[in-house]
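Trainee: First, the structure itself, so that you have it in front of you.
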Amino acid sequence: MNKAQLINAMAENANLSKASAGLALDALTKTVETALASGDSITLVGFGTFSVKDRPARMGRNPQTGQEMSIAASKAPSFKPGKNLKDAVNG
């Protein structure tokens, strides 16, 4: 499902116009992005939790040359699904 299809489904499920559903989706994604960037997590009970995980520095290997290289520490967004979402996916 792409963004346009998601907006259409949201509009239909919530009895909204497509424009309103699009604004709601944009607001949700911007809010999640802002919260994660500031180090917060977002928990939607039953759906899941968006959070940021720290990835430590490590040694890697250049696949072209085989030479070892260091990979810097970084932060990565993470999503842990909730029980209701897991149950829905597993049928």
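Here, each number is a calculation from the coordinates, and none is a lab measurement. In this text, all values refer to a predicted model and were calculated from it rather than measured experimentally. Virtual Cβ from ideal backbone geometry, glycine too; neighbours counted across all protein chains shown.
Trainee: Please go through region 58-91 and pick out each residue that is β-branched (Val, Ile, Thr) and in contact with a Lys or Arg (Cβ under 6 Å, 6 or more places away or on another chain).
Mentor: Residue satisfying the conditions is Ile71 alone.
Trainee: Pick out the one residue from Leu36, Leu28 that is assigned to a helix (DSSP H, G or I) and in contact with a Pro (Cβ under 7 Å, 6 or more places away or on another chain).
Mentor: Leu36
Trainee: Sticking with this structure for a sec: Among the numbered criteria (1) touching a residue at least 12 places away in the same chain (Cβ under 8 Å); (2) in a loop (DSSP other than H, G, I, E, B), which single criterion is violated by Lys80?
Mentor: Failed condition: (2).
Trainee: Considering (1) surrounded by 13 or more Cβ atoms within 10 Å (Cβ to Cβ); (2) over 21 Å from the mean Cα position of the chain (by Cα), say which one Leu6 fails and leave the rest.
Mentor: Evaluating Leu6 over (1) surrounded by 13 or more Cβ atoms within 10 Å (Cβ to Cβ); (2) over 21 Å from the mean Cα position of the chain (by Cα) leaves (2) as the failure.
Trainee: With without any contact (Cβ under 8 Å) to a residue 24 or more places away in the chain, under 22 Å from Gln5 (Cβ atoms) and among the hydrophobic types (A, V, I, L, M, F, W, C) as the only criterion, which of Ala57, Ala37, Ala27 stands out?
Mentor: Answer to the check: Ala27.
Trainee: A follow-up question, please. For residues that are among the charged types (D, E, K, R) and exposed (fewer than 13 other Cβ atoms within 10 Å of the Cβ), scanning just region 9-39, find the one that is farthest from Ala76 (Cα to Cα).
Mentor: The residue in question is Glu12.
Trainee: Evaluate region 21-38: report whether one residue or more is within 17 Å of the chain's Cα centre (by Cα) and among the basic types (Lys, Arg).
Mentor: yes
Trainee: Residues in region 44-91 that are at positive phi and touching a strand residue (DSSP E or B) at 6+ places or on another chain (Cβ under 8 Å): how many?
Mentor: 1
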